[in-house]
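The values are calculated or read from the model by the stated rules, or taken from the named source; none is laboratory data. None of the values given here were measured: they were computed from a predicted structure. Here Cβ is always computed from backbone atoms with ideal geometry, including for glycine, and neighbour counts include all displayed protein chains. Calculation scope for accessible area: heavy atoms of the full protein, side chains included, ligands and nucleic acids excluded. Shrake-Rupley method; radii C 1.70, N 1.55, O 1.52, S 1.80 Å.
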Amino acid sequence: MASFSPASALDRPLFKFRRSANSNGQAGQGQGQHDDPAHLDPFHPLPLPYHNKKKNNIYSHKHYLLLLLVPPLFYYCFLSSPSSSSSRRTPFLHPLPPPTTNTSFSPTLNRQIPPYVHYVFGLSPSFGDKPFAFLTYLCLSSALVKLKPEVIYFHYVYLPQGWWWDQWVDRVQNSRTTRLQLVKQRDVTTVFGNPVEHFAHKADVLRLEVLRDYGGIYLDIDVLVIKDMAPLYHHQTVMGMESQPNLDPLLPPSGLCNAVILSKPYSSFIVRWLESYRTFSKEKWASHSVTEPWTLAQSYPTEVTVLNKFAFFWPLWHDDHLRIVHRGPPKYSFTRADPLAPTYDTQFTYHLWESVAWPRYLKPYDPDRIHNRGAKHGEEREEDGVSDESSFSRFARQFVGDDIREKWREAVKEGLVT
């Protein structure tokens, strides 16, 4: 038997072909018919000659696959650079455990903002002459229903009391989504050695401290939540513009309003903002609460997400806007995008602007008036249309059920609430 060598095999053609039909239409006959190059049929390949020599075959299909894999493996192991093999690899990385904070929440890429809501209230014995009342209950109920937070942290120096406070505590305790956590806070008299006197400035400091330590959503006590804020939860810190009463969305804001703030724990923006209180002066009313965050946002734009004024604080506080919201017939919709909004998104919250709107527009609301439909006439019509259905009452009545209305009527009869 003739010996086989790889060199002789590689010198042979890869394929031999069957003889094509002759001029008479008959296929060739005989042992040597395949060796005649004049009668090759390219469409009928035959196996290589050495495929039939199994004993001497050292080139199987598996060997060919292995030979094909050798060059890329050699390149990957010896020629490629370490940086190109994995762009996400961090040299010398030592993984750290989850953060040790006041909560068990660990931020992820999909959610930076913890499922907590914070309120700061009761920083003076008089509660700023605005105790925990019906509209407070209504606004806090809107956050409970729309946001469904895991925890509501209620930060206080003087704990509120009264019939509406008791109803609110019962409502949270009876919910299946949220736990109420009462947090006794210190009375802020100084910040970095600077005196703090007004309860509004005390609240400005406390809201930044609790957002730094806990993270979550801070809401002023007079903020009505319109819808869930889930599209914002993947950001580190979120604030909204506070604008002067103008209708031009292109004009720069007067600052960033701190009535609504979303933040992850120990956000760099919140830490910077709190550090700026080293220059706090009680003589400058809104310098550190509104102007300073806007200055920081322009200096560190990657640390905060800024929303335009239609996100949290529209309509505004001037009388024309307040009348549109609180007097009938209902013309404004909280669930439709304002035609002036440049992005045509629907708002997340509405700020009631209690400090300016209370005496004329907010004080008359009660559980029955909030459910009024249409306009009243004759003796039932109150001055200035106070009893008429308004844009505010049309939306807010969903948070005041018939059960609380009945309980309120009984409490009024018993003198427990006015």
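Before moving on, here are some points about what is shown:
- Taking the stretch 215-356 and dividing mean pair separation by its residue count, relative contact order in percent (alpha carbons under 8 Å, at least six apart): 33 percent
- Protein heavy-atom accessible surface, 1.4 Å probe, per residue over the stretch 251-303: 46 Å².
- Kirkwood Rh and Cα Rg combined as Rg/Rh, the stretch 155-263: 1.00
- Net charge of Cβ neighbours under 10 Å - reference residue 265; Lys, Arg +1; Asp, Glu -1: +1
- Coil-residue trypsin sites (Lys or Arg not before Pro) of the stretch 324-356, DSSP, other Cβ within 10 Å capped at 15: 331, 336
- The stretch 341-374: trypsin sites (Lys or Arg not before Pro) in DSSP coil with no more than 14 other Cβ atoms inside 10 Å: 373
- Filtered trypsin sites (Lys or Arg not before Pro), the stretch 119-214: DSSP coil and at most 12 other beta carbons within 10 Å: 176, 186
- Lys/Arg +1, Asp/Glu -1 at C-beta; the stretch 215-314 dipole; positive extreme among 313, 226, 280: 280
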